[in-house]
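The values are calculated or read from the model by the stated rules, or taken from the named source; none is laboratory data. Worth saying up front: this structure is predicted, and the values here are computed from it rather than measured. Here the Cβ positions follow ideal geometry from the backbone for every residue, glycine too, while neighbour counts run over all protein chains shown. These accessible areas exclude ligands, DNA and RNA; they are computed on the full protein's heavy atoms, side chains included. Shrake-Rupley method; radii C 1.70, N 1.55, O 1.52, S 1.80 Å.
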Amino acid sequence: MSHPDSRIVDVILAARQVLSNRAVIQDAVGVEASLVLELPIPEPTGTFKPSRLPVTAFISQALENGVPETQPLRDAFAKAVPVLPWKYNYEPRADLPDLGLRMAWAEIIGPEAPYVSNQFCFGFTLIAPESLYPAHFHPATELYYVLSGTAQWVLSGTKTRYQSGSFILHPSNAVHAMQTSDEPLLAMYTWSGEDVVTLSKYA
Ligand SMILES: [Fe+2]
């Protein structure tokens, strides 16, 4: 087993603190936060293969934005950036050929992540300014926490603008999308439920 990188340990702890704070309110978001917190954190048996993608050029801009309450997790994220394994793994789309240039995610815990778990996923999503993350769905229940960037979110056809500090819950197989404006969007996400292995598909 490789020795855990303290930068990754710290970002996991900072994320857990965010979930703990939110779990005090036991509405649908708080119940999901509690559920994720109860799942065991696996040992880091995989290797972190740090990577850069075109969209990661927006990380520094994303870290400059955001409300004060997201600062602790933004700080922990900033220190972890050099070791984060960014990826984009959707099938190509002929109608939106540059999607892979505009978004990426760095998964820390999950079936294919360095911390291997088939019970839940944890990572960060980054979307460039003026970009659409098109409608998509997946069996896992998804909880987002926006670190930086005000964007329009669409869930089952309902549009809502969410700013830094917001939580957004996407139920299993609900179709959702995000549209950024002049700021990049940086968000933490978790996946939980019966099936966190099946990847997201465009709707
Ligand atoms: Fe999603």
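Among the residues making up the range 1-55, those that are within 20 Å of residue 118 (Cβ to Cβ) and charged (D, E, K, R) are 16, 32, 38, 43. Scanning the range 99-120 for residues that are open to solvent by 30 Å² or more (accessible area, probe 1.4 Å), in contact with a Ser or Thr (Cβ under 9 Å, 6 or more places away or on another chain) and in a loop (DSSP other than H, G, I, E, B) yields 111, 119. The test for being near the ligand (Cβ under 10 Å from one of its atoms) and β-branched (Val, Ile, Thr) does not hold for residue 158.
When each of 9, 81, 29 is tested for being in contact (Cβ under 8 Å) with a residue 40 or more places away in the chain and part of a helix (DSSP H, G or I), the lone residue that passes is 29.
Among the residues of the range 11-22, write down those that are over 16 Å from the mean Cα position of the chain (by Cα) and crowded, with 18+ Cβ neighbours inside 10 Å. Result: 22, single match.
Of the residues making up the range 136-151, those that are within 14 Å of the ligand (Cβ to nearest atom) and either in a loop (DSSP other than H, G, I, E, B) or touching a helix residue (DSSP H, G or I) at 6+ places or on another chain (Cβ under 8 Å) (or both) are 138, 139, 140, 141, 143, 145, 146. Residues of the range 122-135 being of a type in the set (Ser, Thr, Tyr), within 14 Å of the ligand (Cβ to nearest atom) and over 11 Å from residue 190 (Cα atoms), which ones? Scanning the range 122-135 gives a single hit, 133. Selection within the range 162-203: residues that are assigned to a loop (DSSP other than H, G, I, E, B) and buried (at least 18 other Cβ atoms within 10 Å of the Cβ). The member of this set that is nearest to the ligand (Cβ to nearest atom) is 196.
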